[in-house]
Amino acid sequence: MQLFISILGLLLLGIPSLVLTHNSCYTPTGGNGFCVPSQQCKFVKDLQSTYGRNVPRTIVNQLRQMACIGSQRSIFYLCCPSNAVIKAQSDGNAKRETQNKSTVDTRQSSADLKRIDPSGMKLLNSVTECGKKTNTKLSGGDETRIGEFPWLVLLKYETSGRPFLCGGSLITDRFVLTAAHCVNQARKLIGVRMGDHDLNKEEDCQVLGGRRRVCLPPYEEYGIESIRSHPNYESNNNDIALIKVDRPVNFKWHIKPICLPIDKNSQDITYDQSFYISGWGRTEQITASSVLLKALVTRADLDVCRNFYVNGTVSENHICAVGESDKQTCAGDSGGPLFFRNPFKETVRYVQYGIVSHGGSLCGARENQPGVFASVLEQLPWITQNLY
């Protein structure tokens, strides 16, 4: 870590510094921050785990704008957002930087989390291709038809064996929505795959309508420009993250974004609403599926999940849903979407309401095992604040 910080400091030598007032400062976006040693800013620690020593130039430029003057000239300081300051360790100097606990707030304020960012909302409104039905009819059964849910993506990790350990959903031409626990783990996330169906086949083809053979175009893989995890993620609460891919995605019939509930029509859901979950997750045989699966689950009271996962965190920021027998989150990857077809603006589209959070570790072990999903509607303000 110290080597990484030293290299980062060399990259940023000679940059202008922000003015400090009692250790507080303003971030480049105008938010409240605190001038702390760079190793006390979660943003920097996340950079190390994501990029190692190869930090992209665009991120280095962001760090240049965050520099500030601290009490010790030998240490590189950043104006770290107040919600991303890591609690000081036992080091005496670090303690002095954050000794006023009433001043340094390590969590984002409730007011900030409830603020819809106009720029982010404008971007979501501009995604006119979201949630459209594909040119294949919705199929029955557990396996999907090719191209049935074109917003499903696979997260690719640097690991031995199968590299796809989590899922996600495409929401714009640059952003994938997933779970925070999928981007906060030991294995390095190295890419995103879109437009795949059967991982064991180079070409995905099916006979549709009894006579017509249809094949998917090749899947596409994208690198990662940046990862943004919810600042208050902890123990499956606020389990949401955004991945910005390294280049714009060209929408095709097998690669399209899903809509988010950004208008009043789409925000109206019933108490016992049924949703789809889909992914390449574990089956009832406790093995990962090579083929994209789907299942129907029904919304349940949060107490159903609280009573099942007595040691887990289930809050108002979650959706609890139950499937029939083993048809629940076994059919969905962690980070994958919870969605259904609902009124959206002046039409009807597939809209995402949740993200697979926890419940899958005991997948299929008991009948009617509920799944816990991060609520997209509750986290919509945070999403709009991070689409840049």
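The values are calculated or read from the model by the stated rules, or taken from the named source; none is laboratory data. Everything numeric here is computed off the predicted structure, so don't read it as measured data. All Cβ positions, glycine included, derive from the backbone under ideal geometry; neighbour counts span all protein chains shown. Side chains included, ligands, DNA and RNA excluded: accessible areas come from the protein's heavy atoms. Shrake-Rupley method; radii C 1.70, N 1.55, O 1.52, S 1.80 Å.
Scoring 168-180, 212-224, 373-385 by mean Cβ neighbours within 10 Å over their residues and listing the highest first yields 168-180, 373-385, 212-224.
Taking square-rooted eigenvalues a ≥ b ≥ c of the alpha carbon gyration tensor, is region 228-308 rounded, prolate or oblate, where a/c under 1.5 means rounded and, failing that, a/b exceeding b/c means prolate? Show your work: numbers first, answer last.
Details: a/c = 1.33, a/b = 1.17, b/c = 1.14.
Since a/c stays below 1.5, the shape of region 228-308 is classed as rounded.
Each peptide among 249-255, 307-313, 233-239 gets the average number of other Cβ atoms lying within 10 Å of its residues, and from highest to lowest they stand as 233-239, 249-255, 307-313.
The stretch between LYS201 and GLU234, if pulled fully straight at 0.36 nm per residue, gains 8.1 nm over its current Cα-Cα span.
Using a probe of 1.4 Å on the protein chains alone, the accessible area found for SER289 is around 10 Å². For the pair ALA288 and ARG247 in one chain, pulling the backbone fully straight at 0.36 nm per residue adds 11.8 nm over the alpha carbon distance.
Between GLU316 and SER24, what FRET efficiency follows from the Cβ-Cβ distance if R0 is 25 Å, with the result rounded to 0.05? The pair GLU316/SER24 has a calculated efficiency of 0.20. Spacing of the modelled spin labels on LYS42 and ASN184, each 7 Å from Cα toward Cβ, amounts to 0.6 nm.
Take the Cβ atoms of LEU302 and PHE340, set R0 to 22 Å, and the FRET efficiency comes out at 0.70. Given the pairs LYS114/LYS256; LYS201/LYS256; LYS156/LYS345; LYS156/LYS264, which span a C-alpha to C-alpha distance of over 23 angstrom in this model? The answer is LYS114/LYS256; LYS156/LYS345; LYS156/LYS264.
To the nearest 0.05, how large is the calculated FRET efficiency for ILE69 and GLN267 if R₀ is 41 Å and r is the Cβ-Cβ distance?
According to the calculation, E is roughly 0.35.
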